[in-house]
1. Can you tell me which residues in the range 241-266 are polar (S, T, N, Q) and not in a loop (DSSP other than H, G, I, E, B)?
2. Please determine whether any residue of the range 219-229 is within 13 Å of the chain's Cα centre (by Cα), surrounded by 14 or more Cβ atoms within 10 Å (Cβ to Cβ), of a type outside the set (Val, Ile, Thr) and not in a loop (DSSP other than H, G, I, E, B).
3. For the range 52-79, which positions are surrounded by fewer than 16 Cβ atoms within 10 Å (Cβ to Cβ) and either on the phi > 0 side of the Ramachandran plot or among the polar types (S, T, N, Q) (or both)?
4. Among the residues of the range 303-326, are any within 38 Å of the chain's Cα centre (by Cα), touching a residue at least 60 places away in the same chain (Cβ under 8 Å) and outside the structural domain of Phe235 (by TED's automatic domain parsing)?
5. Being in contact with a Ser or Thr (Cβ under 7 Å, 6 or more places away or on another chain) and hydrophobic (A, V, I, L, M, F, W, C) is the filter; apply it to the range 325-352 and report the residue that is nearest to Leu382 (Cα to Cα).
6. Quickly run through the range 304-326 and pick out the residues that are surrounded by fewer than 20 Cβ atoms within 10 Å (Cβ to Cβ), on the phi < 0 side of the Ramachandran plot and touching a strand residue (DSSP E or B) at 6+ places or on another chain (Cβ under 9 Å).
7. Just to be sure, is Gly284 touching a Phe, Trp or Tyr at 6+ places or on another chain (Cβ under 7 Å) and modelled with pLDDT of 90 or more?
8. Considering only the range 323-354, state which residues are small (Gly, Ala, Ser) and under 30 Å from Ser208 (Cβ atoms).
Amino acid sequence: MRRRKRLPLASAALAVGTVALARPLAATDAAASARAASAAPITIVTTIDAGGRGTFVARGAVVERARAVVRRSVVNGRLNATETLIGTTGRIVLTSQQRCGAPAGTWRVVTGTLAYARLTGRGATTGVARCGRPLGRAVIRHTGTAELPPTALAEPGAWGGSTAQAGVVTFTVTPDGRSVTDVSATRYRYECVRSDGVRTTLFSAATSRFAGPFAIAEDRTFTVKTFNGSLAGRFGAGGGGAQGTITVASTSTPNAQGQTTTCSASIGWTAVTPPAPLPRALAGTYCGITASGGGVCLDVPATGREARSLRAELTLTCGLVARIPVSVSTTYAGPIAFASDLSFRQSYDLAVEGMTVRVTASGTFDENGGLTGSVAVAPFNLEREGRAQLCRTNGGFTARLQR
């Protein structure tokens, strides 16, 4: 007679046999993600005494050997059992039902904890169901399939937070908790230094967006490549928040003079789920004076997330020595939506002496009744003193809420 090989004790539950992840999900590997959660064969054999206590051995989708507690009852000619399998890395609760005297029945996983929290499975229970009382020793054999998806690495759902430059970062963790999508960051500044020592402060786009998905590595980190650097983060263990850095690191190709420009920055950020509500500007009318002397006003409705009724008096200077003054009035009904960080930008056309010129209004509100912005006209030519004169404006302004 052949001896049955004794199964070794398993120290941890394994993911579904042939589909266990050996690396983080690639950004575009949706098919691999689906395979990782596909069903695999499983066999569970539970051996109990008359009191319902004993051991179980699981093979296939789950590899485990540990204690079992089984409650059995006979109802309407059926043997019902609830098995609590107390594994080394969590518990599995399954139920089975079999007609008395029948050679087979059915079983399914009801719930799991810890490593088995996402386990699902079902199949057939084999062996003649003996319902005579008192119920005695039994060997219960289950076969079928089970799914044990990879453990979530971050809390699924919307995340949001702020940067060290008072900007806003938002993103979404996918339902499996293993990828990040819809990453956005509001405008941030960085320093660029030319090889001859000339320094310039530059800004990113008003809002940088990256669709993803971007894989979360097993150490709970993720990285998004931006146009001149990266946005990287790490999720805290045990449901903590996330934190990271927006990094700028780029060097231009040499220009005609052989000069290169290196840009750099490191901007910290933090985020939580669910994200805090977006900031809101105080409602009311904001007014200020531009650097060239014209007045600017606009209204913020009760929502605090848009501007309306922009009106401005722009003082232009025309000519080579900027000595010819020209005033124009401009209005824009709106609405002008705010970005996550209460910034806005809106361009529109303005008729000036039979021509159409482009006006751009931009600015950023704070939450205390302040606004810093600009209403500027793109340079254009006006006929003055018998010839065309180039006209410009300095439309920078600061404004306060008028109470």
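The values are calculated or read from the model by the stated rules, or taken from the named source; none is laboratory data. Keep in mind that what you see is a predicted model, and the values were worked out from it rather than measured. When we count neighbours, we look across all protein chains shown, and the Cβ atoms used for this are built from the backbone with ideal geometry, even at glycine.
1. Gln243, Thr245, Thr247, Ser250, Thr251, Thr261, Thr262, Ser264, Ser266 - these are the residues of the range 241-266 that are polar (S, T, N, Q) and not in a loop (DSSP other than H, G, I, E, B).
2. Yes, some residue in the range 219-229 is within 13 Å of the chain's Cα centre (by Cα), surrounded by 14 or more Cβ atoms within 10 Å (Cβ to Cβ), of a type outside the set (Val, Ile, Thr) and not in a loop (DSSP other than H, G, I, E, B).
3. Thr55, Ser73, Asn76, Gly77
4. yes
5. Leu350
6. Arg305, Glu306, Arg308, Arg311, Glu313, Thr315, Thr317, Leu320, Arg323, Ile324, Pro325, Val326 - these are the residues of the range 304-326 that are surrounded by fewer than 20 Cβ atoms within 10 Å (Cβ to Cβ), on the phi < 0 side of the Ramachandran plot and touching a strand residue (DSSP E or B) at 6+ places or on another chain (Cβ under 9 Å).
7. The answer is no for Gly284.
8. Ala333, Gly334, Ala337, Ala339, Ser340, Ser343, Ser347
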